[in-house]
1. Just need a number here: residues in the stretch 141-156 that are without any contact (Cβ under 8 Å) to a residue 60 or more places away in the chain and either closer than 25 Å to Pro222 by Cβ or assigned to a strand (DSSP E or B) (or both).
2. Being at pLDDT 95 or above, out of contact with any Cys (no Cβ under 9 Å at 6 or more places or on another chain), more than 16 Å from Pro91 (Cβ to Cβ) and not basic (Lys, Arg) is the requirement here; does Glu110 meet it?
3. Find the residue count for the stretch 157-179, including only residues that are more than 17 Å from Ser76 (Cβ to Cβ) and either modelled with pLDDT of 95 or more or assigned to a loop (DSSP other than H, G, I, E, B) (or both).
4. Scan (1) more than 21 Å from the chain's Cα centre (by Cα); (2) more than 16 Å from ligand 2 (Cβ to nearest atom); (3) at pLDDT 95 or above for the single condition Leu182 breaks and write down its number.
5. Given the condition farther than 19 Å from Asn106 by Cβ, in contact (Cβ under 8 Å) with a residue 24 or more places away in the chain and surrounded by fewer than 16 Cβ atoms within 10 Å (Cβ to Cβ), answer yes or no: does some residue in the stretch 202-209 qualify?
6. Give me the pairs, please: first residue somewhere in the stretch 210-232 and within 16 Å of ligand 1 (Cβ to nearest atom), second residue anywhere and of a type outside the set (Val, Ile, Thr) and at pLDDT below 95, beta-carbon distance under 6 Å, and either six or more positions apart or on two chains.
7. For the stretch 79-127, enumerate the residues that are among the hydroxyl-bearing types (Ser, Thr, Tyr) and outside any loop (DSSP other than H, G, I, E, B).
8. Among the residues of the stretch 179-201, write down those that are more than 14 Å from Val164 (Cβ to Cβ) and either free of Cβ contacts under 8 Å to residues at least 12 places away in the same chain or aromatic (Phe, Trp, Tyr) (or both).
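The values are calculated or read from the model by the stated rules, or taken from the named source; none is laboratory data. From a predicted model like this one, the values you see are computed outputs, not experimental measurements. Glycine also receives a Cβ, built like all others from the backbone with ideal geometry; neighbour counts cover every protein chain displayed.
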Amino acid sequence: MNSQIPTPKSQQDSPPIPPKGGAVPPCRGQRGFTLIELLVVICIIGILVALTTVGIVKALDSARSSSTQSVLDSISGALAQYAQRWGDYPPTSLQDLGASNLNDKNNGVESLVACMASDLKGGILLKLEDRLSNVDEDSAGKNITHWYFGDNQLREWTDDFGNVLIYMHHKDFAKPRANMSLYKFSKDTEEQKTAPEQNPATKTYSNPDKFQLRSVGKDGKPGTSDDLRASY
Ligand SMILES: [Ca+2]
Ligand SMILES: [Ca+2]
Ligand SMILES: [Ca+2]
């Protein structure tokens, strides 16, 4: 004779009743993270963030370089039109067009902008107004080329890294005057000397019968590997 009292069916199937107060006891085998595990996770997240940041910076630099290259090529196309219209490319210095009291910085690009902004002989060839700057904060005594700006500031065009472009007419490649070589690329940087680009082996100049138009690239220094130039 079995003296055990059988458990009623309704009690066998019911889930365990949590203790009063709502606290659920931890399951067997469940535990929190150790300090080492947390540190490893934090390290991995840190590495992933660093890798992503490097990737984003590289992508942005690449986009800026592409955009700068496209602008250099647009200016180059407009320069061909200018030469057709005027019989020559813009001079490296507005001194050649009668300007006086130039401050001898950024002369090439200032002459380039002034000539392309002229509204004479068929009108303005290129505006690029979102790239206009005047980092050396100078002005001419008068409006030399009949530019459309409405004041006498000597403006420059900048690349996508915020540095002014370099321009030089081919007749000055061999013997640039001192006032054609000095560039202040941005408001935050010191003046730097530039020189026309040559093939180091043959000593021939790039684009020898026309002009040189360049960007100093992200590093803000002329003559380094990140420089960009118009597709001659
Ligand atoms: Ca200047
Ligand atoms: Ca200027
Ligand atoms: Ca450079």
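1. 4
2. So Glu110 fails the test.
3. 9
4. (2)
5. To start, the set of residues in the stretch 202-209 that are farther than 19 Å from Asn106 by Cβ comprises 202-209.
Keeping just the survivors that are in contact (Cβ under 8 Å) with a residue 24 or more places away in the chain gives 205-209.
Still in the list and also surrounded by fewer than 16 Cβ atoms within 10 Å (Cβ to Cβ): 208-209.
Within the stretch 202-209, one or more residues are farther than 19 Å from Asn106 by Cβ, in contact (Cβ under 8 Å) with a residue 24 or more places away in the chain and surrounded by fewer than 16 Cβ atoms within 10 Å (Cβ to Cβ).
6. none
7. Listed by number, the residues that qualify are Tyr82, Ser111, Ser118.
8. Those that are more than 14 Å from Val164 (Cβ to Cβ) and either free of Cβ contacts under 8 Å to residues at least 12 places away in the same chain or aromatic (Phe, Trp, Tyr) (or both): Gln198, Asn199, Pro200, Ala201.
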